[in-house]
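The values are calculated or read from the model by the stated rules, or taken from the named source; none is laboratory data. Predicted model only: the values in this text are computed from it and were never measured. Glycine also receives a Cβ, built like all others from the backbone with ideal geometry; neighbour counts cover every protein chain displayed.
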Amino acid sequence: MDPQLIISKGREKSLRRRHPWIFSGAVARVIGNPKPGQTVDVRAENGDWLGRAAFSPASQIQARIWTFDTDERIDEQFFLRSIRNAARQRHGLEGSGTALRLVHSESDGLPGLILDRYNGVLVFQLLTAGAEFCRKAVVDALRQLYPDDAILERSDVEVRAKEGLQERIGVVHGRIPELVPILENGLEYLVDVRGGHKTGFYLDQRDNRLAVGRVAAGAEMLNCFCYTGGFGLAALGGGAARVTQLDASAQALALADRNREKNGFPTERMTTVCGDAFQILRAWHREGRRYDIIVLDPPKFADSKASLNRACRGYKDINLCAFRLLQPGGRLFTFSCSGLMEDGLFQKIVADAALDAGRNGRILHRLSQAADHPVALPFPEGSYLKGLEILVE
Ligand code: SAH
């Protein structure tokens, strides 16, 4: 018999609504001494069977549900079936592109597993004790489903520490090129799958890059927190007159310049600037610079409730700087990828920033993560990326 996790009376309600997380405070007792990551049967105090979950004793989230179906075993077939289903559900989403997220963790019923595919290179991350425990089954499933693909593991993520896991990175199968060329919305990008952020590229912004490209004709554009240049290249593709790519990472900017070259845009149309956005935007305001389009896509400022206040100040400050630099009639595309930052609060922060800058604006579109990063209905935590397209007066 599998070990069991008994949920305290009244604390099983979220599970009955198919939310996959079990917090330590909801656990009445553990029966049978499960190892970290091992599959446990989850039951209510009255004996009702609730689901099968991965046990994670080190984490606040002490277990994550793999299945709510009594008949479903958590074996190699489960991973094969789940990954295949997730990939099938994405048919057509890549459009003319060659890069797609195939598995988005809880929202695909596979808590702790991220799988991205870049032009025949699979990159996966195991974020939880449960996903780690099932590593072999995951790799076997990938080998079977994509026999011709190379496979890289990028489990070098801080959240693993919360699960009591060390970071790990390494080639699992095949040959991984130093940079993987991909296509997205008609543009080519080089992706540093070994050393880049996340699994190498911000696939979640795909649709938003397209949205920026659509309105970029003739524009003077500033891409702030540009990483390898995505939004800026999309703007150039859409006919922007000139783009300034700003980031604190010289390495990311070097790749942005290679991406420019690869797409045949001349150097006169793109400048890269390395430094701290908060300081540089202030200096440019003093110089009286102006832009028609500004994209703000900062890193996650809030990763815990405790850091939310400080994060709010960061978002407000950077948005204030951007409003001051926009031409009347210009557009601000402003984002937050902190899941803890709720839409309403984010809008309020941006509105306050505009007010302090003495500007007004209208929201034209609300933006979010691309459809290969779906949000399972019972799992609102899966929604993290939010953005506003604002027409500034
Ligand atoms: N928009 C990008 C992703 C941005 S990720 C895309 O579509 O690909 C956030 C970026 O902000 C990272 O590249 C990081 O290097 C950069 N960054 C973090 N802090 C910064 C700061 N204070 N000033 C400028 N860039 C910063």
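Summary of values
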read-out	value
Options A302, A306; residue that is more than 10 Å from the ligand (Cβ to nearest atom), farther than 17 Å from I318 by Cβ and modelled with pLDDT under 95	A306
The stretch 358-374 - residue that is within 15 Å of the chain's Cα centre (by Cα) and part of a strand (DSSP E or B) and, of those, nearest to L326 (Cα to Cα)	L367
Strands (runs of 3 or more DSSP E) lying entirely in the stretch 1-51 (those with 1 or more residues that are of a type in the set (D, E) and either touching a Phe, Trp or Tyr at 6+ places or on another chain (Cβ under 8 Å) or surrounded by 13 or more Cβ atoms within 10 Å (Cβ to Cβ) (or both))	39-44
Pick from the stretch 221-237, criterion hydrophobic (A, V, I, L, M, F, W, C) and part of a loop (DSSP other than H, G, I, E, B), ranking: nearest to the ligand (Cβ to nearest atom)	F225
Single match in L377, L340, L320, L355 (criterion: farther than 18 Å from D204 by Cα and part of a loop (DSSP other than H, G, I, E, B))	L377
Test: residue in the stretch 91-100 that is of a type in the set (G, A, S), assigned by TED's automatic domain parsing to the domain that holds R16 and in a loop (DSSP other than H, G, I, E, B)	no
Every pair of residues 6+ apart whose Cβ atoms lie under 8 Å, when the first sits in the stretch 295-310 and is part of a loop (DSSP other than H, G, I, E, B) while the second is exposed (fewer than 15 other Cβ atoms within 10 Å of the Cβ)	F301/R310; A302/R310
Given (1) away from the ligand (no atom under 14 Å from the Cβ); (2) closer than 22 Å to G230 by Cα; (3) surrounded by fewer than 15 Cβ atoms within 10 Å (Cβ to Cβ); (4) not small (G, A, S), number of the condition R242 does not satisfy	(3)
Residue in the stretch 266-285 that is within 11 Å of the ligand (Cβ to nearest atom), closer than 26 Å to H373 by Cα, in contact with a Ser or Thr (Cβ under 7 Å, 6 or more places away or on another chain) and not in a helix (DSSP H, G or I) present	no
